[in-house]
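This report concerns only the one structure given below.
What follows draws every value from the coordinates through simple rules; no lab data is involved. All figures in this text were calculated on a predicted structure; none of them were measured in a lab. Note: ideal-geometry Cβ built from the backbone for every residue, glycine included; neighbour counts use all protein chains shown.
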Amino acid sequence: MIADPAAQHGAVLAALLRRPRYEVLPLDGVEEQVRAHLSTDVKVTVTASPRQGLEATLALSERLARAGYPVVPHLSARLVRDRPHLEEIVARLREAGVRELFVPAGDAAVPGAFPAAVDLLAAMGPLRDAFAEIGITGYPESHHLISDEETIQAMTAKVPMATCIISQICFDPLVIGGWIAEVRRRGTALPLWIGMPGAVEYARLVRISMKIGLGESARFLGRHRSWMSRLITRRFKPDPLLAGLAPCLADPAAGVAGFHFYTFNELARTERWRREALARLEVS
């Protein structure tokens, strides 16, 4: 008997939705939102920005880890001053029970001792063994400042020092599928986490982008201005993107570990959407 593709795709999506990563910004009130809306089996990743500084990221990560959440602080390479600062950060995170990191280059205009993620990862050396998981960035679409060739070279250099790849936001399932195929063609076998927005209102995205300054969310708005203009009176829901990705995700060779939701601190709406989507998938 030939298996029903729709049922297979639904089962795959449900399995991936059961283990989400929720990215939050370390702003006032977010800790209370995490505690109110997320159970402690949901992985929470905490961003870093030049305006907020690494201290906001580390402090929130420590508190959430001690509250029982699996936490992934963003250790932006350009915000780490020097080797002693790096060692201090690692010691703090180990003390708090944090066992996973995400290491991007970051947006600081003037870097410290580590201008790129690969520099920080290399400098960590044996300190990397303190973490069970170390994530690096993937770019399904071209980076606005870095050439495709440079992003490919950077990923190749970082892969031996990482355990997973987290993709930036992309709204085109064909582009994401092509990127996954190209990553695998180059011989990279690390698990992939597919980045997408949560259930986020347009107005909320604008406010948060202005508050955190020139970072990923501000660049996201600039790149997708025409798309975002249609969301003024409603919010994005990931369902169409999930449906478009399902055939690719169902292929074991894709090696997709799950979804990384850019929540922009819209935790209640995003978690409600996730639970509703799971309920629909589990009865279909």
Neighbourhood charge, 15 Å Cβ-Cβ cut-off, centred on Arg18 and excluding it, Lys, Arg +1 and Asp, Glu -1 | +2
How would you rank 12-22, 99-109, highest first, on the average number of other Cβ atoms within 10 Å across their residues?
-> 99-109, 12-22
Using the Cα centre as the reference, give the magnitude of the dipole from point charges on the C-beta atoms of region 1-119 (Lys, Arg: +1; Asp, Glu: -1; all else neutral), rounded to the nearest 20 debye.
-> 160 debye
